[in-house]
Structures are given as structure tokens and as C-alpha cells.
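Following: one structure in C-alpha cells, then a few remarks.
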Amino acid sequence: MKLRVLTALILGPAMLWVIGWAPKWLFVLVLIAVIERGLAEYFQIVKHAGFSAIPALGYFAAPALCLAQIIEWEYPPPAAVAGATACVLIVVLVFVVLLGLQRKVELRNYLSGTATTLFGVMYIGFMLSWLVPLRFSGFPDAQQITVLVFLVVAFSDIFAYLIGKLIGRTLLVPRISPGKTLEGSIAGFVGGLLVGVVYARYFWRTDSLKKAILWSALIAIAAQLGDLVESAMKRAGDMKDSGTLLPGHGGLLDRIDSLILAVPVMWITIVLGRSW
């Protein structure tokens, strides 16, 4: 517990600053580093699960997706840059299905190898690449929205863990995660929602408090679902943690799993809201 708290106290404020106030170049560099480390841990899970992936392609595709997002949102969209993210995904798809045909790859592993590689690129690289437009798209209050996502996700995890440890009795989804409880899940949702409302009301000072409440609720739900997705993968690989990078927390993927779904959910919510 002490190591967990100490790690959170050191990394939490640093990551909050990067999310909300770092210059774009540093933000993108940190994001790429986080994605690459998350992919490394993902490919370890894949290996433990008995699948043969193509890690090198994943490590190339993840930063390419982040750079494609910058191109799409930084510059006017002539034909040369329009659909840069889609182009990267197409190139990745083509290379994965072709590299899987190498002689050293057994054909009985062809389907699992290509599928797990593409899933890793989409699940970690593509999903988290939406942090770039979420933060720098120029939408009103983009900075505050990005900070809101980080805070709700972080405190949803904290409340779920603490309350689950203290009074958790009813297992939530024992087939996927034997440690997560219904009480912890409810506490995570309520805690994330409360933190989001406090930030929106007293720090962001937004007039759209109802919208902030809705956003915080969606983020808290997406965060817990993202956590369950990663737990399912670890169970498939018979692993308790994705790694040992963060003392008391496990791997980096164990800490960013909630963001992986929360970020695109927030982006879709904003886009749909503006369309209406």
C-alpha cells in the first residue's frame, strides 16, 4: 500500500501537468513513450497467452498514428494530408497481413499472430492517439476537458481500489477479475463523478455544469470497462499484472487501461455534442 501511494504521489502531479499544461512537443513525446511501453507489456501478455504477434510493426504504427493525428489537426486539410490516420491504419493492415506470411511464421499461427498485432495497434495506439486532438484540436475548453478526463479516471480508480479493499464483498465479474467488487465499482463511479463535478464547478468554472456531470459519468463508466478489458487479457495470459514498472501498481498498462476507453468515448461525445 505504501509503495502504491508513494508512486501515485510522485507520478500523479507530473502526469497531470503533462496532460494539461505541457507544450505540444513534450505532450506528444510522453504520449508516444507511454503507448510504446504499453504495447511492450501488451505483447508480453500475448506471448504468455501463447500467441505469436509482430511487435516491431506495433512499435512503428503507434507513433505513426500520433503523428498522423497531428497532421490532420495541425494543418489545413488538402488532399495530401486528409485522412492521414486512416492511411496509417491501411498501411499497417497491409504490412501485418503480408509480414505474417514470412517463412519463419508457422501458418497455424498466421491468424492469431496477425489478429493480436492489429488488436494491439488499435487497442493501445489508435485509442490513445485521440488524446492529441482531444487536447489540441482547438475545441472550446479542450485543455479543461482533457484534465477532466485524467482526473475522473484517476480518482475513479482510487475510490474503486480503496472502497473495494475496505468493504468490498460482492465480486463484480469473478470470471474476469477475482479482486474487483460491486461495492468498489459503485464507489469508483460515484468518486469519479464527484471529482469531475468539483473540478468543473470550482476550478474549470464552466457554465455547463450539467454537461460536465454527463461527461464525468461517461468517463467513469468507460474507465471501469477499460479496466475490465485489460483484466480479461491478463487472465488469458495467466498474469496478475502486465509488468513491474510501477512499484505497488504493476505495469504501466495496468495504470493506463482505464484511459484507453475513456479517451475515445470523450472524443466521440464531444463530436456528437457539437453536431447536435
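Residue 122 to residue 142: extension gain in nm, 0.36 nm per residue of separation minus the Cα-Cα distance?
Taking residue 122 through residue 142 to full extension adds about 4.8 nm, to one decimal.
With Cα extents along the principal axes in Å as the read-out, I listed (i) 58, 43, 34; (ii) 101, 38, 32; (iii) 59, 50, 34; which label goes with the value calculated from this structure?
Entry (iii).
Place a +1 charge on the Cβ of each Lys and Arg in the range 161-232 and a -1 charge on the Cβ of each Asp and Glu, then give the dipole magnitude about the Cα centre in debye, rounded to the nearest 20.
Result for the range 161-232 is approximately 140 debye, rounded to the nearest 20.
So for the range 2-275, averaging the separation of alpha carbon pairs under 8 Å that are six or more residues apart and normalising by length, what relative contact order in percent results?
23
Run the simple label-point estimate for residue 165 and residue 208 please: 7 Å along Cα→C-beta, distance reported in nm.
Computed distance between label sites residue 165 and residue 208 equals 3.7 nm.
Please compute the net charge surrounding residue 145, taking Lys and Arg as +1 and Asp and Glu as -1 over other residues with Cβ under 13 Å from its Cβ.
+2
Just list whichever of 211/234; 165/240; 24/240; 24/47 have alpha carbons separated by over 25 Å in the model shown.
211/234; 24/240; 24/47
Evaluate the range 170-276: find the radius of gyration of its Cα atoms, find its Kirkwood radius, and give the ratio Rg to Rh.
1.04
How big is the charge dipole of the chain about its Cα centre, in debye rounded to the nearest 20, if each Lys and Arg gets +1 on its Cβ and each Asp and Glu gets -1 on its Cβ?
Once rounded to the nearest 20, the dipole reads 400 debye.
For every helix of n ≥ 4 consecutive DSSP H residues, a contribution of -39,500 (n - 2.57) applies; sum these over the chain, divide by its total residues, and give [θ] at 222 nm rounded to the nearest 500 deg cm²/dmol.
It lands at -24000 deg cm²/dmol.
Throughout, read-outs are computed from the coordinates displayed, never taken from laboratory work. The structure presented is a predicted model; accordingly, all values stated were derived computationally and were not measured. In this analysis, Cβ positions are derived from the backbone assuming ideal geometry, glycine residues included, and neighbour counts consider all displayed protein chains.
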